[in-house]
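Structure, as structure tokens:
No value in this document is a laboratory result; all are computed from the given coordinates. All figures in this text were calculated on a predicted structure; none of them were measured in a lab.
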Amino acid sequence: MKVVMFLVSLILFVGGLAAFGYAFDVAPEFHVPVFAGGIIAVSLSLALPFHLLERLD
């Protein structure tokens, strides 16, 4: 189960960083939502292992 959590966190982290990078390449009305989505994805990628892994052991 720890491997699955690691992969989910890794995908969220890399996807969030990609959203940061592509935020200003999309249409102007989507700059803020894409960047905010990146912030949320990176936050979730760090929060999930800290809060869920201690309960899954």
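Here is how the numbers come out for the structure above:
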quantity	calculated
Rounded if a/c under 1.5, otherwise prolate or oblate - the chain, Cα gyration tensor axes	prolate
Per-residue HN-Hα couplings for the range 14-31 [Karplus 6.51, -1.76, 1.60; θ = phi - 60°; Hz; x = Gly/Pro]	5, x, x, 5, 5, 5, 4, x, 8, 4, 9, 9, 8, 4, x, 6, 10, 4
For the chain, calculated [θ]222 nm from helices alone, where every DSSP H run of n ≥ 4 adds -39500 (n - 2.57)	-29000 deg cm²/dmol
GNM result for the chain, Cα springs below 10 Å: residue of Val42, Val26, Val34 fluctuating most strongly	Val26
